[in-house]
């Protein structure tokens, strides 16, 4: 393993305790196998010795000592093998999409951004946001949909209705809401809509679409790039 790769993997273990635990377990398994093989070899030698002495056959044993430098080399090689196994396991592991969703999904904060020339629509949107903030997503959805029926370009209502659909396990409908936000092309919710759309794809089994979208997000310098990169590594 190259020095820069070793440094990278060491930093990864410092950042992710679960990875360090996996490497430790791999090492313990390797040591257990080695100890078992050593004990078996000793038993075979002991059995052979007993058979020879029983037949009154003298055997001369010779003790071979491994030089200190060689012992260090063997120990270093064993450590590299264990570390390499840990790297392979980490880089080749996958996590179920549902589990990835649970790890990274959080509903968007209820930030107020009410814009409407219709005071009744604006008042209804304020009420919908209040329901959203208290977790009453079904009630909020009814109000969001009423707002959209009167103002189909109300992006705030469309975006938060998407989150509300996710909270009520209607991910396919949520996809449509987020797609509408993205297709609008001129609003402050596009980055967030792309992230939540990618998470919806995980839940609806559209893994190729999820990977494509999340990889694109990971390549940006946006708010969700780091999380998207981690998910992409595990798909």
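The values are calculated or read from the model by the stated rules, or taken from the named source; none is laboratory data. What you see is a predicted model, and the numbers here were worked out from it, not measured in a lab. Neighbour counts are summed over all protein chains in view; Cβ atoms, including those assigned to glycine, are modelled from backbone coordinates with ideal geometry.
Select, from 164, 139, 157, 176, the only residue that is closer than 25 Å to residue 97 by Cβ and in contact with a helix residue (DSSP H, G or I) (Cβ under 6 Å, 6 or more places away or on another chain).
Values: 139 fails: closer than 25 Å to residue 97 by Cβ; 157 fails: closer than 25 Å to residue 97 by Cβ; 176 fails: in contact with a helix residue (DSSP H, G or I) (Cβ under 6 Å, 6 or more places away or on another chain).
Of 164, 139, 157, 176, the one residue that is closer than 25 Å to residue 97 by Cβ and in contact with a helix residue (DSSP H, G or I) (Cβ under 6 Å, 6 or more places away or on another chain) is 164.
In region 150-171, what residues are assigned to a helix (DSSP H, G or I) and more than 27 Å from the chain's Cα centre (by Cα)?
Looking only at region 150-171, we keep the residues that are assigned to a helix (DSSP H, G or I), and these are 150, 155-167, 171.
Once the filter is applied, which keeps residues that are assigned to a helix (DSSP H, G or I) and more than 27 Å from the chain's Cα centre (by Cα), region 150-171 yields 150, 155, 156, 157, 158.
Does residue 91 satisfy the condition of being on the phi < 0 side of the Ramachandran plot, at pLDDT 95 or above and not in a loop (DSSP other than H, G, I, E, B)? Walk me through it before giving the result.
On the way: on the phi < 0 side of the Ramachandran plot: yes; at pLDDT 95 or above: no; not in a loop (DSSP other than H, G, I, E, B): yes.
No: the conditions fail for residue 91.
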